[in-house]
Amino acid sequence: MASLELGSVSVRMHAFNIVKSEIQTRLIPLLNSVSGQVLDLQDVFRRFSFDNICKFSFGFDPCCLELSLPMPASEFAEAFDLASKLSAQRGLSSSSLIWKVKRVLNLGSEKELKSAIKMVDQFAQRMINQRRELGFSDKSDLLSRFMATMIDDDDKYLRDIVVSFLLAGRDTVASGLTSFFWLLSQNPKVEFAIRDELEKVTAGFSPSDEQDFVMFDQMREMHYLHAALCESLRLFPPVQFDSKFAQQDDVLPDFTFVRKGTRVTYHPYAMGRMERVWGSDCLEFKPERWLKNGRYVPENPYKYPVFQAGLRVCLGKEMALVEMKCVVLAIIKRFNIQ
C-alpha cells in the first residue's frame with residue numbers, strides 16, 4: 001500500500017508542495033533574519049524535516065521552525081527524540097539483561113522511555129481520532145490515505161505505520177542535509193558548479209515564476225546536483241549500518257552459508273570509504289564520479305546500499321532526494337556557504 005501511495009504523482013506533488021511552503025515561509029525567512037549570529041544548521045534541518053514529515057504523515061503542523069526557534073521544538077518532537085535515543089541505547093548496553101530488569105522494575109532510562117513512548121502513542125491516537133471526526137476522504141496526508149483504504153479500524157496498525165514513517169523521514173533527511181552543507185563549505189568548486197547548473201536550467205524563466213522556486217520538472221535536469229547529493233550520501237550515509245535477518249537458510253555470493261534466523265549486518269559508511277570498492281580517491285568528495293558525458297549514471301545499489309536494495313529498497317527514496325534538492329537550491333541561490 002505504501003509503495004503504491006508513495007509512487008503516485010499526486011502524492012509526490014503533495015510532498016513537493018509541503019516542502020516548498022516550509023522553505024518559502026520558514027526556512028528562508030529564518031536564514032535571512034540571522035545576521036552576525038551563529039546558527040546550528042543541524043538543529044534547523046531537524047526542525048525543518050520534522051515539520052515536513054508531520055504535515056505529510058498526519059496533516060499536522062508542529063511549527064518547529066518558527067523564527068523564534070522555540071525550545072523545545074515541540075513536546076511531541078522532544079518525546080520522539082527521547083524515545084529514539086533511549087531505544088538506541090539499549091543496543092549499546094553490555095547486556096540486554098540490564099535494560100530488561102530496569103523495564104520490569106520501571107526504573108531510570110526505561111521509565112523515561114515508557115513515558116516518552118506513551119506521549120508519542122497518545123499524539124498519534126489523537127491524530128487518528130481527529131481524522132475520523134473531520135473525515136479523511138478528501139485529505140492528502142498519508143494517515144488519511146491509509147484510513148481510506150482500510151476495511152477495519154485498527155488503530156494500533158495505523159499508529160505504528162505513521163510512527164515508522166516519522167522515524168524514517170525525519171533524522172535521515174536532516175542528517176543528509178547537514179553533511180551535505182558541511183562538505184559544500186569545504187568544496188567551493190562544487191557549490192559554484194551547482195549554482196552554474198541552476199542558472200542554466202532556469203534560464204528563460206522570469207524571477208516571478210512561482211516566487212523564484214525551482215520546479216519539480218526542472219530538478220530532473222540537474223544531473224550535477226543529483227551526483228553531488230549521491231556523493232555526499234556515500235561519504236556520510238544517514239543510516240551508517242543496518243541489519244537483516246535470514247528468513248530461511250541461504251548462501252551468499254561468496255559461498256558463505258547463512259542459517260535461518262541469522263542476523264546479517266552491513267555497513268554503508270565503511271563500504272563507501274573502501275578503496276577496493278570505490279578506488280584510490282574513495283575519501284574525496286567528487287561528484288564527477290557519478291557523471292558520464294555530463295549525465296548522472298547510477299551505481300549498483302548493492303555497491304551503494306544507502307537506500308537499501310532489492311525488495312527492501314527505501315520507499316521514500318525519491319521524496320527524500322527531492323526534499324534535499326529543494327533545500328540545497330533554495331539556500332545556494334541566496335547564500336554563499338562558508
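A compact table of results
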item: Residues listed by number, the range 210-252, amide nitrogen under 18 Å from Val264 label point at 7 Å toward C-beta; result: 241-252
item: Debye log10 I(q)/I(0) for the chain, one point scatterer per Cα, at q = 0.08, 0.15, 0.16 Å⁻¹; result: -0.44, -1.48, -1.58
item: Hz values of 3J(HN,Hα) by residue in the range 121-133 - Karplus curve (6.51, -1.76, 1.60), Gly and Pro given as x; result: 5, 5, 5, 4, 5, 4, 5, 5, 4, 4, 4, 5, 5
item: At most 14 other Cβ within 10 Å, DSSP loop - GluC sites (Glu not before Pro), the range 1-95; result: Glu66
item: Accessible surface, 1.4 Å probe, highest first, among residues Arg47, Arg26, Arg195; result: Arg195, Arg26, Arg47
item: Spin-label model distance (nm) - Thr149 vs Val101, 7 Å beyond Cα toward Cβ; result: 4.6 nm
item: Mean accessible surface per residue for the range 1-121, computed with a 1.4 Å probe while every protein chain stays in place, in Å²; result: 53 Å²
item: Label-point separation in nm, Asp249 to Ser93, each point 7 Å along Cα→Cβ; result: 3.6 nm
item: Charge tally in the Cβ shell below 14 Å around Gln308, where Lys, Arg are +1 and Asp, Glu are -1, Gln308 excluded; result: +1
item: Using a Förster distance of 41 Å, the FRET efficiency for Gln338-Val277 (Cβ separation, nearest 0.05); result: 0.80
item: Compactness index (Cα Rg / 2.2 N^0.38 Å), the range 200-302; result: 1.52
item: Accessible surface of the chain [probe 1.4 Å, protein heavy atoms]: carbon and sulfur percent; result: 55 percent
item: Relative contact order, percent, the range 22-67 [alpha-carbon distance under 8 Å, six or more residues apart]; result: 45 percent
item: Debye equation applied to the C-alpha atoms of the range 34-172, log10 I(q)/I(0) at 0.15, 0.16 Å⁻¹; result: -0.83, -0.91
item: Sequence-distant lysines (8 or more away, or on other chains) whose Cα lies within less than 17 Å of Lys139; result: Lys55
item: Convex hull of Cα atoms in the range 70-127, direction-averaged projection (nm²); result: 4.5 nm²
item: Of Lys100/Lys303; Lys111/Lys303; Lys85/Lys260, those spanning more than 32 Å from alpha-carbon to alpha-carbon; result: Lys100/Lys303; Lys111/Lys303
item: Residues listed by number, the range 89-126, amide nitrogen under 19 Å from Glu75 label point at 7 Å toward C-beta; result: 112-126
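The values are calculated or read from the model by the stated rules, or taken from the named source; none is laboratory data. This one's a predicted model, so the numbers in the text were calculated from it and none came from an experiment. Neighbour counts are summed over all protein chains in view; Cβ atoms, including those assigned to glycine, are modelled from backbone coordinates with ideal geometry. Side chains included, ligands, DNA and RNA excluded: accessible areas come from the protein's heavy atoms. Shrake-Rupley method; radii C 1.70, N 1.55, O 1.52, S 1.80 Å.
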